[in-house]
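The values are calculated or read from the model by the stated rules, or taken from the named source; none is laboratory data. Since the model is a prediction, treat every value here as computed from it, not as a measurement. Glycine gets a Cβ as well: all are built from the backbone with ideal geometry, and neighbour counts include every protein chain shown. Note: areas computed on protein heavy atoms with side chains; ligands, DNA, RNA excluded. Shrake-Rupley method; radii C 1.70, N 1.55, O 1.52, S 1.80 Å.
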Amino acid sequence: MKSKIHIVLVLISIFLISCGSDPATQSDLDGEEVIVELPYGEGDVLMLEHSDMNFSICYGSENDSLKFSDFSGKVILLNLAASWWGPCYNEIPGMDAMVQENFTEDQVAFITVLDDLGQPHTCDSWGNHGEMNYPYIIDDGQTYFIYEWFFSTTNNPDFPKNILIDHNMEVQYKLEAYSEELLKLYIQELVNSL
């Protein structure tokens, strides 16, 4: 009887571990391996392979691509949006106003991460809805990485999401919805620590 219970406990443990996050390793500043579990949580530092990954820019920059590490030393706001979801589209004017009125490019990098382009908006039609010219990158189809780095995709992904990363590439806040006042407060807190 004890052996059956032991087998059941082992199977349950294996199941729970396999349903958990995807572990990945990276070296810390001392060269020691550190296990980072995906999705990233608040307080996790982006792995080098993620901060140095190139993403194609589809709108809002003279450059063709960007890496998050390009913005090291700044606060990064990643706005995860889906082109088919009205609340994502409707937040653009408020986000633009908040950026223009409160922050400079020297302090904060604003990056919109678009999913499901062409349903119904293209990258250009999405970008032309706003007044700002911050970069838009695509996280769609085969290149669907960024959402999975920060949120579980076991259920259908939901949008909008906002991620705040500090000047040291540490995830500080993961917001499940858009709140202009809350974003402004959190960004200002991170800018004050620069």
- Go through the range 93-116 and give me each residue that's open to solvent by 50 Å² or more (accessible area, probe 1.4 Å), out of contact with any helix residue (DSSP H, G or I) (no Cβ under 8 Å at 6 or more places or on another chain) and not in a helix (DSSP H, G or I). THR104, GLU105, ASP106
- Being crowded, with 19+ Cβ neighbours inside 10 Å and in a loop (DSSP other than H, G, I, E, B) is the filter; apply it to the range 168-193 and report the residue that is modelled with the lowest pLDDT. TYR178
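Could you say which residue among ASP96, ASP124, ASP166 is within 22 Å of MET53 (Cβ to Cβ) and among the acidic types (Asp, Glu)?
ASP166
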- Check whether at least one residue in the range 144-158 is hydrophobic (A, V, I, L, M, F, W, C), open to solvent by less than 20 Å² (accessible area, probe 1.4 Å) and at pLDDT 90 or above, and report yes or no. no
- Item | Qualifying residues in the range 54-92 (those that are under 15 Å from the mean Cα position of the chain (by Cα) and under 13 Å from GLU180 (Cα atoms)) - the one surrounded by the most Cβ atoms within 10 Å (Cβ to Cβ) | LEU77
- Message: Looking for something out of contact with any Pro (no Cβ under 6 Å at 6 or more places or on another chain), at pLDDT 90 or above and among the aliphatic types (A, V, I, L, M) - is there at least one such residue anywhere in the range 30-44?
- Response: no
- Task: Mind listing just one residue for me: the one in the range 117-137 that is touching an Asp or Glu at 6+ places or on another chain (Cβ under 8 Å) and surrounded by 19 or more Cβ atoms within 10 Å (Cβ to Cβ) and, of those, modelled with the lowest pLDDT?
- Result: LEU117
